[in-house]
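So the structure is just underneath, and the comments pick up after that.
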Amino acid sequence: QVQLVESGGGLVQEGGSLRLSCAASGRRYSMAWFRLAPGKEREFLASITWSDGRPYYPDSVKGRLVISRDNVENTMSLLMNSLKPEDTAVYYCAARTSILIRDFDQWGQGTQVTVVS
């Protein structure tokens, strides 16, 4: 069983940066960050293959987010730059525990990010 614990959320000024971290235990093929804002659907932000650290970003966030992972510390991070009030959301890390599993099947509890202008 994979356990995921996010940290690093908080209050940040518009235009600022924030780094979220996710401590992971257990086997994982890849990991990702999602967010859920009030009144909106869950949004996929970035993913990373654990074995080689290869990132993937949807076009909507390219250039503002950087996903990374530390194989030794078993952590995944998300660096967010040029934050805007619309980035306010609960941010979740997720793991896809096997290449045989199509979706991200393990989730953290989430960390709140609030961007103020």
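The values are calculated or read from the model by the stated rules, or taken from the named source; none is laboratory data. As the structure is a computational prediction, the values presented were derived from the model and not from experiment. Please note: Cβ atoms are built from the backbone with ideal geometry, for glycine as well, and neighbour counts cover all protein chains shown. Quick note on the areas: whole protein, heavy atoms, side chains included, nothing else; ligands and nucleic acids left out. Shrake-Rupley method; radii C 1.70, N 1.55, O 1.52, S 1.80 Å.
Tallying residues that are among the hydrophobic types (A, V, I, L, M, F, W, C) and open to solvent by less than 40 Å² (accessible area, probe 1.4 Å) within the stretch 88-103 yields 5. Listed by first and then second residue, the pairs with beta-carbon distance under 9 Å, at least 6 apart or on different chains, first residue in the stretch 1-18 and more than 15 Å from T114 (Cα to Cα), second among the acidic types (D, E) and in a loop (DSSP other than H, G, I, E, B), are V2/D105. Contact map, the stretch 53-73: residues that are aromatic (F, W, Y) paired with residues that are at pLDDT 95 or above, Cβ distance under 7 Å, separation 6+ or inter-chain. Pairs shown: Y56/A46; Y56/S47; Y57/A46; Y57/L65. Quick check on the stretch 104-114. Is at least one of its residues open to solvent by 20 Å² or more (accessible area, probe 1.4 Å) and of a type in the set (F, W, Y)? Yes, the conditions are met somewhere in the stretch 104-114.
Summed over the stretch 61-87, the residues that are surrounded by fewer than 18 Cβ atoms within 10 Å (Cβ to Cβ) and of a type outside the set (V, I, T) give a count of 14. Considering the stretch 8-117, the qualifying strands (runs of 3 or more DSSP E), each wholly inside and each with 1 or more residues that are charged (D, E, K, R), run over 18-25, 30-36, 43-49, 65-70, 89-96. Taking into account only those residues within the stretch 1-24 that are open to solvent by 50 Å² or more (accessible area, probe 1.4 Å) and at pLDDT below 95, which is farthest from L78 (Cα to Cα)? Here the answer is Q1.
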